Every structure is written in C-alpha cells, then in structure tokens.
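The values are calculated or read from the model by the stated rules, or taken from the named source; none is laboratory data. Note that this is a predicted model, so its numbers are computed, not measured. Note that each Cβ is placed from the backbone with ideal geometry, even for glycine, and that neighbours are counted across all protein chains shown. The accessibility values were calculated without ligands, DNA or RNA, using every heavy atom of the protein model including side chains. Shrake-Rupley method; radii C 1.70, N 1.55, O 1.52, S 1.80 Å.
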Amino acid sequence: MQRPDPSSKFDLFFRESLERLKQEGRYRSFADLERNQGQFPAARRHSEQGVDEVTVWCSNDYLGMGQNPQVLQAMHEGIDNCGAGAGGTRNISGTNHYHVLLERELAELHNKQNALLFTSGYVSNWTALSTLAGAIPGCIVFSDSDNHASMIEGIRHSRAEKKLFRHNDPEHLNQLLGEAPEDSAKLVVFESVYSMDGDIAPIDEIADVADRHGALTYLDEVHAVGLYGPTGAGIAEREGLSDRISVIEGTLAKAFGVMGGYITGSSDLIDYVRSFASGFIFTTALPPAVTAGALASVQHLRASTAERKAHVEQVAQVKSRLEAARIPVLANDSHIVPVMVGDARLCREISDRLLNEKRIYIQPINYPTVPKGTERLRITPTPLHSSANIDALVDALYELFAEYGLLTASTQNDLASVTG
C-alpha cells in the first residue's frame, strides 16, 4: 500500500498562495542576465526565445564600479594571492588581511574609530540592530516608518520596545522621545536616502532631536555611500554631520559595485557587536577577492570625483527628459527616478513589454516593497548610460505610457517633440 505524501497538502497551500500573487500582479519574475564585462549597462538576457542583448536601467551598481578596471584587477590579485574563499568565520581562520585593510578604510571614510564587515547590507542592519537594541538595558527604538525591511527585522528580533515616528518628521520624533521615560536608553534609527521614493532625511534636525533626549543615532547610508559627499561617504558627510551620528551603516554592493555590508562607530561599540553578534560570529567571512575589490573601489571613489559628477549630470538629464515627455516621475532630490504606475498588474505588464519589445530592463516595484497603489518602475541612471540609451528609454516609456493613458498631461504631443 502506497503511503500518502505528507508534503502534498503543503504543496497545495504553496501553489494557491503563489497563484494569488500572480493574479494580483505581484509574482516576482527574475530576468536571467549576464552582465557584459566592460559594456555595462548592456547585458545578455537568456529566455525561452534564446539570448538577446538588453539595456539595464534598474541596477544598484549606481556608478558602474562593478566594471571598473582597478576593481577587477584587485579582485584578480585577491584570487591569485589568497585563493577563492576566506576559509572560515572571522573568528576561526577567516580574517584575511584584506578584511583588516577594508575595515580601516571604511572607518576613515566615515571619520569613525572603527568598522566591522558583514556579508551584506541586510545582514549588517539585521545583526547590528538586533544586537544593540537587544543588549542595551531598557532600550527603546525610535524607527522611521519607512525604514528598510532589514532594519525592521533587526529591531523586531531584538525584542526591544519600538516606537514608529512619521517618515522624515523630526517633530513627531521629538514628541515620542519626550513621552518616553527620561532615564530610558533611546536609539533613533533612520536612513539618509530612501530607495523607493528617493527622498532624503533631514539628518541635522533628527540629530538635534536625538541630542536633546540623549539618544544614540543609527543611520543607514546604503543608497548614499559612494555617491554623495566630497569623498563619497554619503549624505552625512555632504552635510558635515558625520560626527553627530553614533553608527553609520553602509553597503559595498551598490555604488561601490561589489558585495558586503558594514557598520562604523566608536571602538567600544564596534567591538561589542563583533564580540556578541551571532550574525557576525557564526558567518563565513567575505571571500578575499571580493574584499580586495571592495577596498579598491572605496579607495578609488574617495580620491575621484569624476564618477559622482557624471552621475549627477546623467540623473538630471534623465529626469528632465522624462518630465518633458510627461512621464509621471516622483520628484525628489536624489539619484532615484521613480516612474509611477499605480497598479500592480499594469506595472508588471509595462515592465514585460519594455523587456520583450524594447530590450529595456526595468524591474516593476510592487507591494510589499511599496504601498499598494504606488506601484512603479524604479529607474537608476549611471554615468555609463549613453545619450542613445536615454533616447531609447524616453521613446519607449512615452509610447507605452501614452498607450495606457498614463501621461501626466491630457493633451499628448507628438513623440518627436519630446524626444531627442
């Protein structure tokens, strides 16, 4: 007699849940891409129809540093010198000299006493916040309502009391801090550049409020490091506020173009996380070649402003061209270009048509990444996008948004008058 398969009823649950996602237009499809070394933003896409070339407009490799010759050379040297993997956790044989050098470089970048590497920005937020908020006696965390999932999960795992303050609202933060017991430990957690809307936090005002109440501050700069400030240390550096932030967290996987995350702060704070955080202690260290590439990227962008200047110019050009074409762009002061659609299924459909018909890849952003009704295409221009790339993007978006009735003006100009 054949025994019943206990997994079948669970598979039915999984299948029905996935079907609901598909019906809502929220099912996530992954484009099968090969980045063309030296030809970014071009990439080869693999599909059932074969292999074709597409232009990537949604990469977090904001400056194209994943293609930088100095970074690639450093990674080759890292492999030649040390082999493939780190060989263990940082505690057990896995601390390579490249890790030590990179942590020193990151501490100097943010003008902090010390730094600590993690395998990703998600892990650095989750680990640092769960450790700090969970260990400080009576800690209350005051978290911006739009904070990233990694920060939310870290705070939740800490089991510390949490208070949400309205997004980028120092007055509401001040009210909540004032309602907390005066002798309680307080930790204010927020981001500098918010990745979906592209808005920028009022860091100075938040720091003023935190100082008034004796609170520690934790700033996520993952979408700002490499891009802002005289040496690429982020918005806090640009505003001259780095010394007012207790912990600055960042990533090596976006503007620096490689992989990894980190925190910077006082020597005691960093050593405490290093000594007590399970997400650091029990994780295999970053491979030496990856660390060497990240080190080369950070060093290059601390010295060079050319990439940041070119990036600013490209972002301004793309925003201007899209706005002239009456494409609904959410206004902000950062490098993020959110093109608003407002419907999950339609957002998915436009993304698919851009990819299949126009060879332009922009991933749709749907709930829960953004609230329902604010679905969008998130465009990230880089210095390596050409004028021809921009022309093709504007032409394609205008054509599709006109077809779906999504242009911001009621009267639609001829395509030729808003492109090229």
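Measure nothing fancy, just the Cα-based angle from helix 306-324's long axis to the longest principal axis of the chain, in degrees from 0 to 90, nearest 10. Rounded to the nearest ten degrees, it is 40.
May I ask you to give the percent of accessible area on segment 281-420 that is carbon plus sulfur, with a probe radius of 1.4 Å?
Of the solvent-accessible surface of segment 281-420, carbon and sulfur hold 51 percent.
Among the protein heavy atoms, those of Asp11 account for about 70 Å² of accessible surface (1.4 Å probe, every chain in place). Report, in whole Å, the centroid distance computed from the Cα atoms of segment 302-352 and segment 217-232. Cα centroid of segment 302-352 versus Cα centroid of segment 217-232: 19 Å apart. Rolling a 1.4 Å probe over the protein chains gives His99 an accessible area of about 0 Å². Quick one: helix 69-82 against the long Cα principal axis of the chain, what's the angle to the nearest 10°, folded into 0 to 90? Result, in degrees: 50.
Restricting attention to the chain, the count of lysine pairs at 8 or more positions apart or across chains with alpha carbons under 18 Å apart stands at 5.
Under 5 Å between amide hydrogens, which residues at least 5 positions from Ala285 or on another chain qualify, with H placed 1.01 Å from N in the peptide plane? Residues meeting the criterion, in which the H sits 1.01 Å from N, are Gly88, Thr89, Arg90. Taking GluC sites (Glu not before Pro) across segment 305-404, none is in a DSSP loop with at most 10 further Cβ atoms lying within 10 angstrom of its Cβ.
Once the Cα-Cα distance is subtracted from the 0.36 nm per residue extended length, the Asn36 to Lys372 segment shows a gain of 117.5 nm. Using alpha carbons only, how many degrees (0 to 90, rounded to 10) separate the axis of helix 344-358 from the longest principal axis of the chain? Value to nearest ten degrees: 60. Using DSSP, restrict attention to beta bridges with both residues in segment 124-212 and report what percent are antiparallel, rounded to the nearest 5. So the antiparallel bridges in segment 124-212 amount to around 10 percent. Label-to-label distance, Asp243 versus Ala316, with points set 7 angstrom from Cα along the beta-carbon direction: 3.1 nm.
In the chain, which longest range has no chymotrypsin sites (Phe, Trp or Tyr not before Pro) that are both DSSP loop (not H, G, I, E or B) and surrounded by at most 11 other Cβ atoms within 10 Å?
31-281
First select every other residue whose beta carbon is under 14 angstrom from the beta carbon of Pro364; then total the charges, Lys and Arg +1, Asp and Glu -1. Net charge in that neighbourhood comes out at +4. Residues in segment 105-118 carry Karplus couplings, in order, of 4, 5, 4, 5, 4, 9, 6, 10, 6, 7, 9, 9, 8, 9 Hz; the curve used is 6.51 cos²θ - 1.76 cosθ + 1.60 with θ = phi - 60°, and Gly or Pro positions show x. Reported value for the chain: 188 Å³ per residue, from the convex hull of its C-alpha atoms.
Which distance in nm do the two modelled labels at Asp11 and Ala331 give, with both placed 7 Å along the Cα-to-Cβ direction? A separation of 5.4 nm, rounded to one decimal place. The DSSP beta bridges internal to the chain are antiparallel in roughly 60% of cases.
Given R₀ = 25 Å, what would the calculated FRET efficiency be for Glu19 paired with Tyr404, taking r from the Cβ atoms and rounding to 0.05? Given R0 = 25 Å and the Cβ-Cβ separation, E is 0.50.
Ignoring the sites themselves, what is the longest stretch of the chain with no trypsin sites (Lys or Arg not before Pro) in a DSSP loop and at most 12 other beta-carbon atoms within 10 Å? Looking at the chain, 160-420 is the longest stretch - no exposed trypsin sites (Lys or Arg not before Pro) with at most 12 other Cβ atoms within 10 Å. Here the Karplus curve 6.51 cos²θ - 1.76 cosθ + 1.60, taken at θ = phi - 60°, turns the phi angles of segment 17-27 into couplings of 5, 5, 5, 4, 4, 5, 5, 7, x, 10, 5 Hz, with x standing for Gly and Pro. For segment 1-52, carbon and sulfur atoms together expose 53% of the accessible surface, with a 1.4 angstrom probe and every protein chain in place. On a per residue basis, the chain carries 46 Å² of accessible surface, using protein heavy atoms and a 1.4 Å probe. Here the Karplus relation 6.51 cos²θ - 1.76 cosθ + 1.60, evaluated at θ = phi - 60°, turns the backbone of segment 331-340 into coupling constants of 5, 7, 9, 10, 8, 7, 10, x, 9, 7 Hz, with x for every Gly and Pro. Ligands, DNA and RNA left out, the 1.4 Å accessible surface of segment 194-268 is 46% carbon and sulfur atoms. Amide hydrogen proximity for Phe118: with H placed 1.01 Å from N in the peptide plane, the residues at 5 or more positions away or on another chain lying under 5 Å are Gly261, Tyr262.
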